[in-house]
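Contents: one structure, followed by commentary.
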Amino acid sequence: MSNTPLRPDKRQMRAAFEQSAAHYDAVAILQREVADRLLERLDLLKMTPATILDLGSGTGYCSEKLATHYPRARITALDLADTMVQRSRGRFSRWSRLRRGHQFVCGDAEALPFADQSFDMLFSNLTIQWGSDLETTFSEMKRVLRPGGVVLYTTLGPDTLRELRASWAAVDEGVHVNTFLDMHDVGDAMLRARLAEPVMDMEHLTITYEEAMTLMRDLKTLGAHNVNPGRRHGLTSPKKLKSVLGAYEQFRRSDGLLPASYEVVYGHAWRAEQEDEASPHSPGEFAFSLDRLRGNHE
Ligand SMILES: C[S@@+](CC[C@H](N)C(=O)[O-])C[C@H]1O[C@@H](n2cnc3c(N)ncnc32)[C@H](O)[C@@H]1O
């Protein structure tokens, strides 16, 4: 079992994402890459959802792609930050909103404002790591999912931004970089929520920068760069910042670039047709491949 990460302060996080909406798309390189990889997995699904919830829709990149992939589906884009919701809405023409009944909702993944069994598919890219309690998020997902419906998501694992965390750790003992749950703990939370046939896999992605300062600026622009309860308030002194940037230099590669590592976790699960099909699994009892996604639910 890994150390339990600090959970973000939701009010602070919401404020950070509210502010980031206008500039988010310009710096969301990792988010786009991971979204595209998750979207590719839709082709493996042998089902055509009529109702889809994009949970933590951000500026609506995935909502728009989902609408293209499933042209007859009704998309609901939900985000905690209203400025994000408005951006999502702006991606859809008035005609398509009316024709398909797409919805744009400001709400919380941990208390979804929807009736039970409202959606055939839940899609969530790089959002659930911001919640206070993952089991609550998965329980809510299951509640609003129809029997036979699927949830697909990505989240971040503990190795994410390890270079930046190590660089700060060389300078002081504060919490400067968000911490993330281990994949096994995410899987166990899915099981406790009684989602059926959970499958997970993980990959490491690296984004490179010429300067560590660019990475730090991009993280700030994305929002929620450090919303942990253990963070220090107030401005970082120029001297301290210089020390952090200096410490990051130890990671400079032979090609002259600085890496920023991301541990990306992919997961999917189903709501069982019959509740007793979602048999109680033991902790850690989830598959680690895409075979189930390919083979089942034809
Ligand atoms: C990293 S962004 C990802 C956005 C989008 N899925 C994408 O791929 O670009 C995370 C989003 O999750 C939203 N979010 C965080 N916590 C949330 C919660 N509890 N409920 C709903 N949305 C949440 C944030 O406001 C933010 O827009």
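What follows is calculated from the coordinates using simple rules that are stated; it is not laboratory data. The model shown is predicted, which means the values in this text are computed figures rather than measured ones.
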- Note on the structure: Excluding residues fewer than 8 positions from residue 142 in its own chain, the lysines with Cα under 26 Å of it are 10, 46, 65
- Item | Other-chain or far-sequence residues with amide H under 5 Å of residue 149's (modelled H) | 271
- Taking Cα atoms, the helix 134-144 axis meets the longest principal axis of the chain at an angle in degrees (rounded to 10) of 30 degrees
- Message: Based on C-alpha coordinates, I'd like the Rg and Dmax of segment 17-107, in Å.
- Response: 12.8, 39
- Partner aspartates and glutamates whose C-alpha sits under 13 Å from that of residue 240, ignoring same-chain residues fewer than 8 away, are 172, 173
- When the Karplus curve 6.51 cos²θ - 1.76 cosθ + 1.60 is applied with θ = phi - 60°, which whole-Hz ³J(HN,Hα) does each residue of segment 89-95 get, with x for Gly and Pro? 4, x, 7, 10, 5, 4, 4
- Task: For residue 105, list long-range residues whose amide hydrogen, built 1.01 Å from N in the peptide plane, is under 5 Å from its own amide hydrogen.
- Result: 77, 78, 79
- Item | Karplus (6.51, -1.76, 1.60) ³J(HN,Hα), θ = phi - 60°, over segment 242-247, in Hz, Gly and Pro reported as x | 4, 5, 5, 4, x, 5
- The relative contact order of the chain, taking Cα pairs under 8 Å that sit 6 or more residues apart, comes to a percentage of 24 percent
- Task: Show the residues, 5+ positions off or on another chain, whose built amide H is closer than 5 Å to the amide H of residue 160.
- Result: 263
- Each residue of segment 105-114 in order: what ³J(HN,Hα) in whole Hz does its phi give by Karplus 6.51 cos²θ - 1.76 cosθ + 1.60, θ = phi - 60°, with x for Gly and Pro? 10, 8, x, 10, 4, 8, 8, 5, x, 9
- Task: Can you bin segment 10-295 into rounded, prolate or oblate? Criterion: square roots of the alpha carbon gyration tensor eigenvalues sorted a ≥ b ≥ c, rounded for a/c under 1.5, prolate for a/b above b/c, oblate for the rest.
- Result: prolate
- Task: Per DSSP H run of n ≥ 4, the term is -39500 (n - 2.57); total these for the chain, divide by its residue number, and report the mean residue ellipticity at 222 nm rounded to 500 deg cm²/dmol.
- Result: -11000 deg cm²/dmol
